[in-house]
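What follows is one structure encoded as structure tokens, with my remarks underneath.
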Amino acid sequence: MSRWEFMRQLEELLSDISPSEREEALQYYNDYFNDAGKENEQEVIKALGSPEQVAQIVKDGLGDNTGAGEFTENGFMLEKVQAASDEQKGSGAKTQEKTPPKDQKKDPLPGWAIVLLVIGGIFLSPVILGIAGSVIGVIFSIFMAVIGLVIGFGATALALYVTAIALVIVGFGIFLEGPAAAIGMIGAGFICAALGVLFMILTVLLVGKLIPAICQGIGYIFRKIFGKKEAA
């Protein structure tokens, strides 16, 4: 069960108490989930029990059975809920020590550090630009080489098809005059047609498989480079 489902069911089960008391109870449990953290939602739900049990405890606390819990200035306090809250906060203390609050601002860099960074950037910029240019040049060369192969294979396949058609037509034309030569030309035409099919398959594979793979690789490299810069 998720936090949303737990709170939805609890709200339905508390529909028969006054709106102010229901709002106060729901606000308390929402704050409790927020304090525990999203990663501890399942542990919180296990500590609280089912929405039916929680709703019954809230109603008992509002009635004569005040031993189960009570409303305080922070909301409806339940003994086992408070114990679970203390345990969750204790287990999360180390994590909070390692992770500074979001609103805590980092100390600004001293002036000498900023000056060193600027000088280092000036001196390293030609090297960085040279490396980046080399990488882009290599990628562009590979891409253009693949495009050249696609064009070359496609043109070869077309030429083989034309040659095959011409050989078959000539072979049939001279069949009566020289059957042996005609058969040889027709056979050569079929061989050219088979080679044309082979080059056409290679062209389709390059267009359908290799070029998309290269484009995805280029996109991956740029995402890694510029993604890191944005993250930094």
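The values are calculated or read from the model by the stated rules, or taken from the named source; none is laboratory data. Here the structure is a predicted model, which is why all the values come from computation and not from measurement. Here the Cβ positions follow ideal geometry from the backbone for every residue, glycine too, while neighbour counts run over all protein chains shown.
Tabulated results
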quantity: Residue that is farthest from VAL146 (Cα to Cα) [pool: residues in the stretch 213-232 that are surrounded by 10 or more Cβ atoms within 10 Å (Cβ to Cβ), over 14 Å from the mean Cα position of the chain (by Cα) and at pLDDT below 70]; calculated: PHE226
quantity: Given (1) loosely packed, with under 10 Cβ neighbours inside 10 Å; (2) modelled with pLDDT of 50 or more; (3) part of a loop (DSSP other than H, G, I, E, B), index of the condition LEU109 fails; calculated: (1)
